[in-house]
Structure formats: C-alpha cells, structure tokens
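One structure is given here, and the rest of the page talks about it.
Here, each number is a calculation from the coordinates, and none is a lab measurement. Source: prediction; values computed, not measured.
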Amino acid sequence: MVKTLLVSRDKASMAALKVAIEKNQVQTTWAQSGSDAIVKIAEGKFDLVVTDEDLGDMTGIEFIEKVVSKKPTANCAVVSSLSPSDFHEASEGLGILMQLPVRPGHRQAEKLLSQLRAILRLAEQAAAD
C-alpha cells in the first residue's frame, strides 16, 4: 500500500485531496507542522510527502529542503500559490514531483498518484535488475 504524509496546519485545505487519495487505496497520515512531519518521516517510511505552502514553523519549500537533505529520493509535492516560473525558481534542485494549487482536489490527486506510481514502478524495476 502506498503511504502518504500530508503536512498542513489546516486540515480543511487538503481535505478534498485526502479524500481523493484515499479512494485510490492510499494510506494517509497527517502532520500539523514541519517539525512534526520531520519526526514522522524519521520514524516511518512514506512513499509521498505533500506539504502546504505555509506550515507555521516554516514554508513548504523550506520543509522540503530539510526532507531532501536527509532523504534525497523522497517523492514530494508542494501546495503553492506562486506562478509556475516563480515556483520553479524557488524550488529548483529539490526534485519536487509536482506543484499543487491552493486547495488541491480530485484532478490533482489523480495526476499526482499517476506520476508517483510511474516512479515507484521504475524503482521496483531498477531494484529487480
């Protein structure tokens, strides 16, 4: 089963995404701050980390910087109101899987899970070789 960590201090902002993800047999866990999420990541294995734009104790991009410094192959998505070009500039080099709009929903969940599953299949194939 795919395990996802949703990081947001406002559960309502990711409620539609959570529902859509769980309809695809994906387990979700919540964290309400960046530091809480970092502890959860250290304690468990997540296939995907989705972070909100502002976590209270850090921005979503700052949080992803901390995650990839410890787990460079982490699959991450970030909710961001930045334009695509500004987001690319701010997150360049972090290997973020996808920028999500504010209050992501079903369509974004489907696209995100499709990309994630493709990456997980490639990882399985590489491990088998």
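A compact table of results
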quantity	calculated
Three-way shape call for the range 1-68 based on the alpha-carbon gyration tensor, with the a/c threshold at 1.5	oblate
Derived scalar couplings ³J(HN,Hα) [the range 50-59; Karplus, 6.51 cos²θ - 1.76 cosθ + 1.60; whole Hz; x for Gly, Pro]	10, 10, 6, 5, 10, 9, x, 8, 5, 7
Where only alpha carbons of the range 2-128 are counted, the Rg and the Dmax (Å)	13.5, 41
Under the span-like rule (Cα at least 27 Å along the axis, Kyte-Doolittle mean at least -1.0), DSSP H helices of the chain	106-128
